[in-house]
């Protein structure tokens, strides 16, 4: 069933690494000790050591931002006939996310990020040894690939990753201010199809990068992407990042979306985004959605994600939906939600529903999920039913 596939995919992909539903990321700490000297690098004016990551196999130039990041970027991209990379760093959002290209962890450190050979990065909540680096400067390394005078790829990278530029020119910008970085990235979010995949996912890369900026301008940008006049795909992706990375401000935005977004598909995605938020109020909003949303689809999804997040705390809301929701499909979703609870909580409730619920479709659904549980109590229940 669709719900089983969602859970299976969630457990494989999130790990609580995260979502997205096809989504590429990385966030990290700049290497201490400055830029190493590599053959083939073209030296430029030195910069503070803390600002430059390990850049390998590149014709490296460092350059201070001029009047503005946008002006500097336009100047550089206007000259970029052939492929090259532009990079800079900004402070990244707080949290325990560690990001490394294709999950390339090596003894707790990110390995080499081969920019010309890899399609993107995957997010991970821990290093290979299960620990997370929390100390020191927390920087996000922004990377733009230019070709034919335009940006063709946007990536983020761990500051403890070595960046292999594949022999291409690499311009490292210093003095970048976070609000200007967010403003630049927002232009690519708004001008791209956020649901494009593969090499064309510029908008997704830009949205990911904005979400990982530790600056209030990132909250404002993400909230602007959730306005009702924005495309539904963009609203869904922005909602994901509100839950995944933006803390209290993200929760406030999700609460507004849960009540006011005109699309039931978007509100259903908000329920998922709430399930990955660590803020205390997220659970209460999911319960409200399961009770009160006008869409049976949204109520069902809220129940589903509530079971994934809340466990025992969700039992009352789920059983209440089985008894009181007017839509049989929502009742069936609630039965499935019971099957996602820890067995000591879910199996007895499923048996109760299978025995006593007045709706035959609901009783049948409960018996189906009991059969999938492989629990001895379910077997005993079926034996009693068959021998009566």
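The values are calculated or read from the model by the stated rules, or taken from the named source; none is laboratory data. Keep in mind that this is a model prediction, so the values were computed, not measured. Don't worry about glycine lacking a Cβ; one is built from the backbone with ideal geometry, like all the others, and counts go over all protein chains shown.
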Counting only residues that are in a loop (DSSP other than H, G, I, E, B) and in contact (Cβ under 8 Å) with a residue 40 or more places away in the chain, which one in the range 62-94 is farthest from residue 145 (Cα to Cα)?
94
For the range 259-268, give me the residue count where each residue is more than 19 Å from residue 221 (Cβ to Cβ) and outside any helix (DSSP H, G or I).
2
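Could you tell me whether residue 95 is touching a helix residue (DSSP H, G or I) at 6+ places or on another chain (Cβ under 7 Å), modelled with pLDDT under 80 and either crowded, with 17+ Cβ neighbours inside 10 Å or within 18 Å of residue 212 (Cβ to Cβ) (or both)?
Details: touching a helix residue (DSSP H, G or I) at 6+ places or on another chain (Cβ under 7 Å): yes; modelled with pLDDT under 80: yes; either crowded, with 17+ Cβ neighbours inside 10 Å or within 18 Å of residue 212 (Cβ to Cβ) (or both): yes.
Considered against the rule, which asks whether it is touching a helix residue (DSSP H, G or I) at 6+ places or on another chain (Cβ under 7 Å), modelled with pLDDT under 80 and either crowded, with 17+ Cβ neighbours inside 10 Å or within 18 Å of residue 212 (Cβ to Cβ) (or both), residue 95 comes out as yes.
Filter the helices (runs of 4 or more DSSP H) completely within the range 314-388 down to those with at least 1 residues that are surrounded by 13 or more Cβ atoms within 10 Å (Cβ to Cβ), under 35 Å from the mean Cα position of the chain (by Cα) and modelled with pLDDT of 90 or more. Spell out how you get there, then give the answer.
Numbers: elements: 315-324, 328-339, 343-356, 360-373, 376-387.
The helices (runs of 4 or more DSSP H) meeting that bar are 315-324, 328-339, 343-356, 360-373.
For (1) more than 22 Å from residue 273 (Cβ to Cβ); (2) in contact (Cβ under 8 Å) with a residue 60 or more places away in the chain, each residue gets a yes or a no:
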position	(1), (2)
318	no, no
322	yes, no
327	yes, no
335	yes, no
340	no, yes
344	yes, no
351	yes, no
364	yes, no
Taking the range 290-303, which residues are part of a helix (DSSP H, G or I) and surrounded by fewer than 24 Cβ atoms within 10 Å (Cβ to Cβ)?
291, 292, 296, 297
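Would you confirm, using the coordinates I've provided, whether residue 271 is farther than 19 Å from residue 207 by Cβ, within 16 Å of the chain's Cα centre (by Cα) and part of a helix (DSSP H, G or I)?
Numbers: farther than 19 Å from residue 207 by Cβ: yes; within 16 Å of the chain's Cα centre (by Cα): yes; part of a helix (DSSP H, G or I): yes.
So residue 271 passes the test.
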If I ask for residues that are under 11 Å from residue 309 (Cα atoms) and either surrounded by fewer than 21 Cβ atoms within 10 Å (Cβ to Cβ) or in contact with a strand residue (DSSP E or B) (Cβ under 6 Å, 6 or more places away or on another chain) (or both), which ones from the range 260-281 would you list?
278
Those residues of the range 161-179 that are within 23 Å of the chain's Cα centre (by Cα) and either surrounded by fewer than 24 Cβ atoms within 10 Å (Cβ to Cβ) or without any contact (Cβ under 8 Å) to a residue 40 or more places away in the chain (or both) come to a total of 2
